[in-house]
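The values are calculated or read from the model by the stated rules, or taken from the named source; none is laboratory data. All figures in this text were calculated on a predicted structure; none of them were measured in a lab. Methodologically, a virtual Cβ is constructed for each residue, glycine included, from the backbone with ideal geometry; neighbour enumeration extends over all protein chains shown.
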Protein chains: 2
Amino acid sequence: MLRAASRVPDHGKRTPFRFLRIEGDARLSLGERIAARSRARDPDASDSVIEKDRLRFMFAPTIVTVIARLGPDEKIPEQERLLTTGCVCFALLQAAQALGFGAQWLTGWVAYDPQIRTLLGIGDDEVVAGFIHIGTAQCEAPERERPDPVALLTDWTPE
Amino acid sequence: MLRAASRVPDHGKRTPFRFLRIEGDARLSLGERIAARSRARDPDASDSVIEKDRLRFMFAPTIVTVIARLGPDEKIPEQERLLTTGCVCFALLQAAQALGFGAQWLTGWVAYDPQIRTLLGIGDDEVVAGFIHIGTAQCEAPERERPDPVALLTDWTPE
């Protein structure tokens, strides 16, 4: 699954990404720390908010954190390396679904919080592109509204 | 093809992208302007460099410019909207290839140059995620080295 996900457009072959797996008991350990951090961020948070944060990684057996590595690069713009990493997330969703799993790309405040980043070992020049939750789907994902591509299309013409 | 490409992960259903098609005679018109801009950027550029820029959009009959729209948003981080747009590029490549076309995601200095951006009508809060060149493949794309996913994977453990 990770092999398929690693097969992405990658200008300059930088491999500007890595995977951090969260699985088994580590999921609840992480959730407890996230809940504590959530409480510290907002002492007035309701119990249900804290509980939601505690159980954040309990809905699927495996979560693959896809991390962009964006250190200095003389040739390839950071934007392109970030987009490569986003493609990894997308390809991982597709690979999981092709194998019959359910999969969901989630972020939320935990992807950006400095303390959670430290807890996950995210470096200063790294960003969390997404948490890809992978498991057995409990129901069919409802179809969502999709954009009308015709409305998004224009043609370039010389003025 | 654009319908398939528009079917991407999109946090908050922002549709943070649009398509600008460059096709037919517009390709060389654009190339002439790019060549002039290339000469202005570097008066010492060799003729072959200028010629390469002039013919930049002549290798495929259709080029779809995928543009991220990154205006202010209270809820969805810019990073996530940019990644959605990158997924559009990737999905467009996949859709084109699934239909038997060859397709390539290119950027280069023209994606970032202020004057070319203006020429293409790219807004201040927009960025070019990629030019997707679509046509009939003249040869099989050579396989490239791919990363070893095992080397990219670690497990999170509570310290």
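Values computed for the structure shown
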quantity: Hits in region A:56-69 (condition: surrounded by 16 or more Cβ atoms within 10 Å (Cβ to Cβ) and assigned to a loop (DSSP other than H, G, I, E, B)); calculated: A:R56, A:F57, A:A60
quantity: Scan of region B:92-118 for residues that are within 11 Å of another protein chain (Cβ to nearest Cβ) and under 12 Å from the mean Cα position of the chain (by Cα), ordered by number; calculated: B:L92, B:L93, B:A103, B:Q104, B:W105, B:L106, B:T107, B:G108, B:W109, B:A111, B:Y112
quantity: Cross-chain or 6+ apart pairs with Cβ under 8 Å, region A:27-44 first and over 22 Å from A:I134 (Cβ atoms), then outside any helix (DSSP H, G or I); calculated: A:R37/A:D113; A:S38/A:A45; A:R39/A:A45; A:R41/A:D113
quantity: Residue count for region B:1-12, restricted to those that are of a type in the set (D, E, K, R) and more than 7 Å from chain A (Cβ to nearest Cβ); calculated: 1
quantity: Close pairs (7 angstrom Cβ cut-off, 6 or more residues apart or separate chains): modelled with pLDDT of 95 or more in region B:75-97, polar (S, T, N, Q) anywhere; calculated: B:E80/A:T107; B:V88/B:S6
quantity: Those residues of region B:94-111 which are farther than 30 Å from A:Q94 by Cα and not β-branched (V, I, T), in sequence order; calculated: B:W109
quantity: Scope region B:122-159; condition within 15 Å of the chain's Cα centre (by Cα) and within 12 Å of chain A (Cβ to nearest Cβ); matching residues; calculated: B:I122, B:V127, B:V128, B:A129, B:G130, B:F131, B:I132
quantity: Answer residue from region A:16-55, given it is acidic (D, E) and outside any strand (DSSP E or B) and is farthest from the other protein chains (Cβ to nearest Cβ) among those; calculated: A:D47
quantity: Within region A:73-91, tally of residues that are in contact with a Lys or Arg (Cβ under 8 Å, 6 or more places away or on another chain) and at the interface with chain B (Cβ under 7 Å from one of its Cβ atoms); calculated: 0
quantity: Qualifying residue in region A:134-150 (condition: among the basic types (K, R), modelled with pLDDT under 95 and either out of contact with any Leu (no Cβ under 8 Å at 6 or more places or on another chain) or over 14 Å from A:I22 (Cα atoms) (or both)); calculated: yes
